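The values are calculated or read from the model by the stated rules, or taken from the named source; none is laboratory data. Here the structure is a predicted model, which is why all the values come from computation and not from measurement. Cβ: placed from backbone, ideal geometry, glycine included. Neighbour counts: every protein chain shown. Ligands, DNA and RNA are excluded from the accessible area calculation, which covers all protein heavy atoms including side chains. Shrake-Rupley method; radii C 1.70, N 1.55, O 1.52, S 1.80 Å.
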Amino acid sequence: MYQEFNKGWIEVITGPMFAGKSEELIRRIRTLKYAKKNIVCFKPSIDDRYSETSIASHAGGRYKAYPVKSIQDIKDNLTDDVDVIAIDEIQFFGEEILLLLDELANSGKRVMCAGLDLDFRGEPFGIMPKLLAKAEFVTKLTAACKICGEAATRTQRIIDGKPAYYEEPVVVVGASECYEARCRHHHQVPHKNSSN
């Protein structure tokens with residue numbers, strides 16, 4: 001970043017599963033904590049894979065966070081002296097989070113979010129298209145394709161050893177037991193063309 005920005009903006013870390021989004025969010029949080037910034041972290045309570053009360057990466061990194069079920073839970077844990085708000089797994093929130101993020105950034109807060117840009121179908125995930133368009137800064141990470149080892153930009157859901165059908169529910173919380181990182185060429189969604 002070579003430009004000067006007034007205080008208050010939104011930054012998003014995105015990409016497929018296993019790309020290191022949560023790890024990068026934790027790294028940024030720790031850097032800002034070292035700089036004596038007052039930081040508050042949140043995660044959706046639906047994501048309890050590795051920890052109920054921490055942002056947790058697949059690689060084992062952790063940072064204390066409030067598990068939240070609603071936007072009100074976030075508002076209830078914010079104080080005027082907070083400099084930075086960090087939210088992991090932002091794709092699980094509804095449209096109402098976008099207004100809150102704008103309000104926070106407009107009031108001079110640094111808002112850092114991490115989340116999947118695409119769902120297992122390879123389609124934009126929930127609020128992410130609007131969030132990515134609104135953000136001042138976007139970092140798009142890649143993983144390694146489980147099939148060929150090249151850059152993976154997609155998340156493959158696996159059910160009983162096979163790619164999940166397009167008709168499966170979009171939200172299924174899991175890790176390596178039901179998801180893989182895949183490149184565009186090895187990502188498979190049976191029934192996709194007949195369902196959309």
*Take the range 47-89 and flag every residue that is among the hydrophobic types (A, V, I, L, M, F, W, C), at pLDDT below 90 and surrounded by 14 or more Cβ atoms within 10 Å (Cβ to Cβ).*
I55, A56, A65
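Each row is one residue, and each column tells you yes or no for (1) over 23 Å from E136 (Cβ atoms); (2) of a type in the set (K, R).
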| site | (1), (2) |
| --- | --- |
| K64 | yes, yes |
| K69 | yes, yes |
| Q72 | yes, no |
| K75 | no, yes |
| L78 | no, no |
| I85 | no, no |
| G94 | no, no |
*Might you let me know whether the range 130-147 holds any residue that is touching a helix residue (DSSP H, G or I) at 6+ places or on another chain (Cβ under 9 Å), among the acidic types (D, E) and touching a residue at least 60 places away in the same chain (Cβ under 8 Å)?*
yes
*Where in the range 127-196 are there strands (runs of 3 or more DSSP E), lying wholly inside it, with at least 2 residues that are open to solvent by less than 70 Å² (accessible area, probe 1.4 Å) and aromatic (F, W, Y)?*
none
_Number of the exception - L104 against (1) in a helix (DSSP H, G or I); (2) out of contact with any Phe, Trp or Tyr (no Cβ under 6 Å at 6 or more places or on another chain); (3) within 23 Å of V171 (Cα to Cα)_ = (3)
*asked:* Anything in the range 90-122 that is of a type in the set (D, E, K, R), without any contact (Cβ under 8 Å) to a residue 60 or more places away in the chain and either surrounded by 22 or more Cβ atoms within 10 Å (Cβ to Cβ) or within 27 Å of A164 (Cβ to Cβ) (or both)? List them, or say none.
replied: E95, D119
